[in-house]
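A.B. asks: Sharing a structure with you now.
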Amino acid sequence: MTTTVAAPPLIARTETLARPPSTLWRDAMRRFSRNKLAVGSLAIVAVLASMAIFADLLSPARYDFSVLVDANQFPNGRHLLGTDGVGRDFLSRIIYGARVSLTVGFSVQAMALCIGLTLGTLAGSFGGWLDYIIMRFVEVFTAVPIWLFALFLISVWRGSDAISGAGLINVILAIGLIGWIDICRLTRAQLLSLREKEYVLAATALGATRLQIARRHLLPNALAPLIIAVTLGIPTAIFTEAGLSFLGFGINDPLPSWGKMIADSLAYVRVYWYLGLFPTLVLALTMLSFSFVGDGMRDALDPRLGERR
Amino acid sequence: MVVYLLGRLTGILVVFTIVSMLAFVLMHSIPGGPFDEEKAPLPPAAKENILHKYGLDRPLYEQYGLYMWSALHGDFGISFQSPTETVVQLIARAWPTSMQLGGMAVLLAASIGLTAGILAAVHQNTWIDYVVTLVSTLGITVPNFVIALWLLLVFAVGLGWLPTGGWPSGGDSDFKALILPVVTLALGPSALVARYTRSSLVEVLHAEYIRTARAKGLRDHAVVLGHALKNALIPLITILLPQIPNLITGTIFVEVIFRVPGLGKFFVSSIYLRDYPMIMATMLLVATLWSLTYLLSDVLYTVVDPRIRLFGKTT
């Protein structure tokens with residue numbers, strides 16, 4: 001014993017560690033890979049994503065190739081999922097629809113996460129007047145309806161019709177401008193509660209700044225509702241796109257999207273029921289996979305859960 | 001607290017002003033006007049007269065000033081799509097129906113969602129949990145206009161148990177007409193509530209104080225409802241409360257499909273018809289309701305978690 005009682009050592013343990021310390025993310029990866037349901041769902045997401053990327057190679061026909069004689073065929077050998085009202089192969093339209101729908105879903109959520117997480121963290125960890133201003137900003141964006149943004153964007157883009165995909169960009173921007181609100185409010189609410197915990201006081205005492213505390217201590221503890229918000233935001237975005245397209249402010253025919261296909265199928269629901277069923281099924285499959293991946297991620301990121309298994 | 005609430009109410013006025021300006025500018029910047037008839041255009045002189053009558057030929061800032069001045073006196077103008085009544089009369093006629101429908105849907109959604117979410121969290125990673133995840137994901141994925149049509153086909157057309165639509169006009173009328181629209185409207189939000197309840201409750205159920213409560217010998221439902229649920233409420237308040245303004249202001253598809261004479265359809269018809277007074281009025285109504293809801297949820301945060309401070313110094 002060389003140390004004295006009057007000057008206790010700063011480092012209590014001096015023996016070497018048996019193995020390098022495992023990080024939160026490495027632990028999470030290990031726990032996630034053990035969850036069969038989540039891994040399987042992740043595989044389905046990957047399949048759907050590659051379906052969207054390689055639509056040109058995978059689909060049996062073009063999405064806009066119509067053979068009027070073959071209109072309204074029930075699923076059969078030549079058209080596996082049948083044809084729609086103007087004789088377009090429905091399987092091809094679903095495969096191409098993945099492109100628009102998943103692009104809208106992912107881009108909107110990426111945008112929403114960037115804006116929502118930043119503003120929510122600022123409001124939640126600083127509080128006071130910054131919180132006040134950010135939340136009034138949120139209220140303004142809640143009140144202005146989305147179609148007004150969409151219409152405004154369309155009128156701004158006018159004259160630049162040459163840009164291909166302007167409709168898609170409009171839709172993504174318009175939905176993204178609204179989509180961050182839930183994420184922002186959830187982040188702020190969680191942080192307002194978490195920042196009063198003892199470990200924040202401890203971190204403050206050690207000299208950590210507010211943003212460091214938010215990043216290292218608060219956000220990892222606020223993840224559960226955020227994961228749900230992001231996964232559930234995807235179908236919301238997909239249907240908002242369908243709604244905007246329905247009003248004529250979104251993506252124009254013949255480009256297909258799942259939301260639009262479901263909305264269009266309503267007129268035929270009693271006769272050509274498959275027109276609504278198939279897009280609903282792929283959308284439901286996508287969403288279920290995302291939900292299980294999300295739940296798996298949440299469970300994997302919770303260290304308390306890992307000890308119990 | 002009083003100072004804080006006064007500050008927030010001032011905030012609502014500020015938001016109100018910004019929203020009205022933003023809406024006014026955006027609304028007039030989009031192409032097309034309320035009296036642009038494509039098929040039978042009005043003679044230029046007649047159109048000029050009409051525009052003059054409604055003040056639409058003045059510069060934008062003047063129109064805005066006039067609108068706000070009359071709005072402050074309670075005059076929100078006359079709806080272009082229904083010129084026989086003022087906007088206030090129109091909303092007063094249609095909104096109560098939407099409010100009843102939405103109110104019932106909110107109550108139903110909260111009770112179904114909470115129950116399902118709690119069951120799923122308590123039985124985490126069992127078949128109950130998976131069924132709740134499956135059903136609630138479907139409830140969010142399948143849009144309400146599809147659900148409405150299927151419910152209509154099954155229960156009204158197929159089985160003939162319930163009427164296809166309409167709205168009880170008071171007295172001895174048939175309240176069965178309420179069931180389908182309320183259920184349709186409630187399904188999505190209840191799925192939402194179930195998902196958030198499950199995820200935040202699962203997190204809380206693994207905390208140390210829950211283990212302590214169980215170790216004390218408390219019954220299961222006392223642990224879950226008394227200790228765990230209260231600490232899982234913050235995300236729920238954030239998500240559930242905005243469903244109230246969302247549902248009570250009316251929804252276009254459900255109201256059209258079930259022939260409910262509510263406010264929902266005016267949100268869409270006002271866009272098409274460029275019905276400026278109606279667009280402004282509905283938007284300001286929505287802005288006020290949402291601001292009040294946000295204020296209420298902030299107050300509820302401090303009730304659920306007394307450590308939360310909305311004002312003053314934090315620790």
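Where a number appears in this text, it was derived from the coordinates with a stated rule and is not lab data. Computed from a predicted structure; not experimentally measured. Glycine also receives a Cβ, built like all others from the backbone with ideal geometry; neighbour counts cover every protein chain displayed.
A.B. asks: With only Lys, Arg, Asp and Glu charged, each at its Cβ (+1 for the first two, -1 for the last two), find how big the charge dipole of the protein assembly as shown is about the Cα centre; round to the nearest 20 debye.
C.D. replies: Numbers: 47 positive and 38 negative charges, 435 e Å.
Taking the Cα centre of the protein assembly as shown as origin, the dipole is about 2080 debye.
A.B. asks: If you place +1 on the Cβ of every Lys and Arg and -1 on the Cβ of every Asp and Glu, how big does the dipole about the Cα centre of chain A come out, in debye to the nearest 20? Walk me through the numbers on the way to the answer.
C.D. replies: Working: 27 positive and 20 negative charges, 202 e Å.
Computed about the Cα centre, the dipole is about 980 debye.
A.B. asks: Report the one residue of A:L148, A:I183, A:A208 whose Cα lies farthest in the direction of the positive end of the charge dipole of region A:140-246 (charges on C-beta: Lys and Arg +1, Asp and Glu -1; origin at the Cα centre).
C.D. replies: A:A208
A.B. asks: Please label the shape of chain B as rounded, prolate or oblate, based on the square roots a ≥ b ≥ c of the eigenvalues of the alpha-carbon gyration tensor (a/c under 1.5 means rounded; beyond that, a/b larger than b/c means prolate, else oblate).
C.D. replies: Oblate is the answer for chain B, as a/c is 1.5 or above yet b/c matches or exceeds a/b.
A.B. asks: Choose one of A:Q73, A:G233, A:L117: the residue whose Cα lies farthest towards the positive end of the charge dipole of the protein assembly as shown (beta-carbon charges +1 Lys, Arg; -1 Asp, Glu; about the Cα centre).
C.D. replies: Positive-most Cα among the choices belongs to A:L117.
A.B. asks: Counting GluC sites (Glu not before Pro) as exposed when in a DSSP loop with at most 13 other beta carbons within 10 Å, what is the longest stretch of chain B free of them?
C.D. replies: For GluC sites (Glu not before Pro) (loop position, at most 13 other Cβ atoms within 10 Å), the longest site-free span of chain B is B:86-315.
A.B. asks: Right, another one. Given that compact globular proteins tend to follow 2.2 N^0.38 Å, what is the ratio of the alpha-carbon Rg of the protein assembly as shown to that value?
C.D. replies: Dividing the Cα radius of gyration by 2.2 N^0.38 Å gives 1.06.
A.B. asks: Taking the Cα centre as origin and putting +1 on Lys and Arg beta-carbons and -1 on Asp and Glu beta-carbons, what dipole magnitude results for region B:162-242, to the nearest 20 debye?
C.D. replies: 420 debye
A.B. asks: Next up: Per residue of B:134-145, what is the mean number of Cβ atoms on other protein chains within 10 angstrom of that residue's Cβ?
C.D. replies: 6
A.B. asks: Please report, largest first and rounded to whole Å, the three semi-axes of the ellipsoid equivalent to region A:164-277, where each semi-axis is the square root of five times an eigenvalue of the C-alpha gyration tensor.
C.D. replies: On the way: eigenvalues 376, 49, 16 Å².
Here the semi-axes work out to 43, 16, 9 Å.
A.B. asks: Taking only complete DSSP H runs, can you tell me which helices of chain B stretch 20 Å or more along their own long axis by Cα positions and average at least 0.5 on the Kyte-Doolittle scale? Before the final figure, lay out the partial values.
C.D. replies: Details: long enough: B:2-29 (40 Å, 1.98); B:87-122 (49 Å, 1.46); B:127-141 (21 Å, 1.35); B:179-205 (36 Å, 1.20); B:276-304 (41 Å, 1.48).
Span-like helices in chain B: B:2-29, B:87-122, B:127-141, B:179-205, B:276-304.
A.B. asks: Positive end of the dipole of the protein assembly as shown, charges at C-beta (+1 Lys, Arg; -1 Asp, Glu), about the Cα centre: which of A:L42, B:T282, B:L180 has its Cα farthest in that direction?
C.D. replies: Highest projection toward the positive end goes to A:L42.
A.B. asks: For a quick size check, give me the Cα extents of region B:189-315 along its three principal axes, largest first, whole Å.
C.D. replies: 64, 41, 17
A.B. asks: When the helices in chain A are scored as -39500 (n - 2.57) per DSSP H run of 4 or longer and the sum is shared across all residues, what 222 nm value do you end up with, to the nearest 500 deg cm²/dmol?
C.D. replies: Using -39500 (n - 2.57) per qualifying helix, the result is -22000 deg cm²/dmol.
A.B. asks: Extent of chain A along each principal axis, from alpha carbon coordinates, in Å, largest to smallest?
C.D. replies: The Cα atoms of chain A stretch 95, 46, 35 Å along the principal axes, largest first.
A.B. asks: Nearest 10 degrees is fine. How inclined is helix A:274-300 to the longest principal axis of chain A, computing both from alpha carbons?
C.D. replies: Helix A:274-300 sits roughly 10 degrees off the main axis of chain A.
A.B. asks: Next question. Report, in cubic angstrom per residue, the convex hull volume of the C-alpha atoms of region A:23-102.
C.D. replies: Cα convex hull per residue, to the nearest whole number: 113 Å³.
A.B. asks: What do the square roots of 5 times the Cα gyration tensor eigenvalues come to for region B:125-224, in whole Å, largest first, as semi-axes of the equivalent ellipsoid? Kindly include the intermediate steps, with their values, before the conclusion.
C.D. replies: Details: eigenvalues 302, 58, 24 Å².
After scaling each eigenvalue by five and taking roots: 39, 17, 11 Å.
A.B. asks: At most 11 other C-beta atoms within 10 Å and a DSSP loop state: those are the exposed trypsin sites (Lys or Arg not before Pro) I care about. Give me the longest piece of chain B that has none.
C.D. replies: After excluding every exposed loop site, the longest remaining stretch is B:40-215.
A.B. asks: Two-decimal Rg/Rh of region B:241-285 from alpha-carbon positions, Kirkwood Rh?
C.D. replies: Values: Rg = 10.9 Å, Rh = 11.0 Å.
Taking Rg over the Kirkwood Rh, I get 0.99.
A.B. asks: Step through the table entries A:K36/A:K197; B:K53/B:K265; B:K176/B:K265; B:K47/B:K265, compare each Cα-Cα distance with 32 Å, and write down the pairs that go over it.
C.D. replies: Long pairs (Cα-Cα over 32 Å): A:K36/A:K197.
A.B. asks: Another question about this same structure. Exposure proxy check: A:D264, A:D84, B:D75 ranked by fewest other beta carbons within 10 Å?
C.D. replies: With the fewest neighbours first, A:D264, A:D84, B:D75 line up as B:D75, A:D264, A:D84.
A.B. asks: Need one value for A:285-294: mean number of C-beta atoms belonging to other chains within 10 Å of its residues' C-beta atoms.
C.D. replies: For peptide A:285-294, the averaged partner shielding equals 3.
A.B. asks: By how many degrees, between 0 and 90 and to the nearest 10, does the Cα long axis of helix A:223-247 differ from the longest principal axis of chain A?
C.D. replies: Value to nearest ten degrees: 20.
A.B. asks: Please rank B:H52, B:H73, fewest neighbouring Cβ atoms within 10 Å first, as an exposure proxy.
C.D. replies: B:H73, B:H52
A.B. asks: Right, here's the next one. Find the Cα radius of gyration of region A:69-212, compare it with 2.2 N^0.38 Å by division, and give the number to two decimals.
C.D. replies: Ratio of Cα Rg to 2.2 N^0.38 Å: 1.56.
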